[in-house]
Amino acid sequence: MSDSNMDERSSKTIMLVDDDEIVVQSLGSFLELETEYNVIGYQSPHEALERLKQKPVDVVISDFLMPDMNGLQFLSAVREMYPDLPRILLTGYADKENAIKAINEVSLFQYLEKPWDNEQLKLVLKNAIESKSLREHLHMKIKELDEVLRHRDELFEHNNMIARELKLARKLQQALLPRKLPQIDGVKFETYYKPAIEIGGDFYDIIPMQDGCWSVLVADATGHGIQAALSTALLKFAFVSFAGGNHQPSQILSGMNEILEKGLPEELYVAALVARIDPGKREITISNGGLTYPYLIRKQENKSELVASNGMMLGFIRPEMYKPGPDKAVMLDPGNSLILYTDGLTEAVNKDGDFFESKNLPEVLKKLGSSACGEIINGLAESLGDFNGGVYSDDVTLFGIEINTDRR
C-alpha cells in the first residue's frame, strides 16, 4: 500500500492518514480488496503533506487524534494546497463535537465515527470522487466559457451592432434587479453589487410569501454579457413564480431547477441560495444550491460562523435527479446579521496570487463582528477593493439581512 506498488486498475487514489499502523493497514487492505482505488497510507501527517506537495490525490481520509498535528490541522493544510480535494475525518464518538466544528473550519466533505461501517465508507468515497469530478468538470467548462466570452467582448468592443445589443441587455438586467428593497418591520437589508464587466452573471431578488414571510434569492450564473442578461431574465421568472406561496427554500430551488434545466443553454449553470425570512420568529431558513456558505454574524458576541448547507447547482440536471441543500433554520437575536455572497468575494485574488477568503475575509469579519449590517457590507466591499486593487475578475454580490428591534 504505497506509491511504488500501485497497480493500473484505477486512476483514483485515496490517501489514509492515521498514527495507528493497524488502522492504516486494515482500512487500506479493505479498500484494495473491495474497491478499484489505489490506496496510500501514512502514519505521519507531515510525511503525508510532503507527498501531497509532489502529487495530488483524489480523497484524503484522516484520523482526528494524532501526535504533533491533529486531524483538523492536517486537513486545514490540505485545504490550503487543494481547496477542492474532498476531505473525510475519522473520529471517535467523544470527538463528534470537534468533527462538527471541522465542517465549518476546514470544509469537510464528511466525517465518520469509529468504528466505521465498511459499506457506508465505500458509499462516502464514491460520492466524494463523483463530487470532485463534477466540480472539476464544471470549473473547466466555466473557465472555457468565460475565456470565450471575454475574448469575444474584446474583439467586438468597437462593433456598433454589438454595442447596441449590450446596451439593451444592460437595461434589461438593471430593470430585473430590485430598484428598492422592501421595508419590513424588524428586518433591514443591505446590498453591494459589482459586475466584473458591464453585464455580469450575479443576481439577487426578494419576494413576499405567506404569513408575512419573505424569500431572498442570491444567484451566480456562469458567463457574462448578453448570455448573463438572458440567464438573469430566466432566473427572475423562475423565482417570482413562487411569490405569495408557502414554499420552503429547498422547494423553491427544486422548482427553479426544473425551469432552468429546460430554458438554459447546455453550457450554462446557476449557483443559488434561497433564504426564507420569518420576521415574527426572527428566524431565517436557507437552502443552498451550490453557492458559497453564508456567514451568521452574532453582534453581541463579536462572532461569525459559516452556515453549512450543501446542494446541487441549478440548470444542468434533470428535475427527478436534482437534490437541493436541506432546509436549515437559524435564529437571529436583535442586531445579528446573515451575510450572503457570491464567490467573486472569496475567490478574489491579489497581485501576489493570494485568495481573499484565506487572506483577508476572517480578519475583516473579526474586526466588523460587532458592527451593524450596513457597516459589515461596506467594510467587506472596501477591503476587497483594497485587496485586489480594484481589478475584478468575477462579479461580486453581497446581501446582508439584519434582525433588529425597530418597528415602523
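Stretching the chain fully between Phe237 and Lys281 yields a gain of 13.0 nm (0.36 nm per residue, less the alpha carbon separation). Based on alpha carbons, the Rg and Dmax found for region 309-408 are 16.4, 48 Å. Once the C-beta distance of Asn246 and Ser370 is scaled by a Förster radius of 45 Å, the resulting FRET efficiency is 0.80 to the nearest 0.05.
Given R₀ = 25 Å, what would the calculated FRET efficiency be for Tyr82 paired with Gln25, taking r from the Cβ atoms and rounding to 0.05? Efficiency computed from Cβ-Cβ geometry: 0.45. Contact order for region 156-403, expressed relative to its length and based on alpha carbon pairs under 8 Å spaced 6+ residues apart, stands at 22 percent. The residues Lys122, Lys53, when put in order of fewest to most other Cβ atoms within 10 Å, stand as Lys53, Lys122.
With 0.36 nm allotted per residue and the present C-alpha distance subtracted, the Glu347-Lys323 stretch has 6.1 nm of extension available. Fewest neighbouring Cβ atoms within 10 Å first, the residues Glu261, Glu266 line up as Glu266, Glu261. Annotation: average projected area of region 156-403 is 13.3 square nanometres, based on the convex hull of Cα atoms across all directions.
By the beta-carbon count within 10 Å of each Cβ, the least crowded to most crowded order of Asp343, Asp352, Asp202, Asp185, fewest first, is Asp352, Asp185, Asp343, Asp202. All distinct Cα pairs of region 3-132 go into the 1/r average, and the inverse of that average, the Kirkwood radius, is 14.5 Å. Annotation: for a label point projected 7 angstrom from Cα along Cα→Cβ of Glu105, residues of region 290-322 with backbone N closer than 20 Å are 293-298, 302-309.
Sequence-distant contacts, meaning Cα pairs under 8 Å at least 6 residues apart, place the relative contact order of region 3-132 at 21 percent. Spacing of the modelled spin labels on Glu266 and Glu382, each 7 Å from Cα toward Cβ, amounts to 4.9 nm.
In nm, to one decimal, how far is the Glu36 label point from the Leu177 one, both placed 7 Å along Cα→Cβ? If labels sit at Glu36 and Leu177, their model points lie 4.8 nm apart. Ignoring aspartates and glutamates fewer than eight residues from Lys126 along the same chain, the ones with Cα atoms less than 16 angstrom from its Cα are Glu32, Glu34, Glu36, Asp58, Asp84, Asp117, Glu136. Using a Förster radius of 41 Å, what is the FRET efficiency between Leu112 and Asn302 based on their Cβ-Cβ separation? Nearest 0.05, please. Plugging the Cβ-Cβ distance into 1/(1 + (r/R0)^6) gives 0.75.
Values quoted throughout were computed directly from the atomic coordinates according to the rules given, and no laboratory measurement underlies them. Worth saying up front: this structure is predicted, and the values here are computed from it rather than measured. Reconstructed Cβ throughout: ideal geometry from the backbone, glycine too, with neighbour counts over all protein chains shown.
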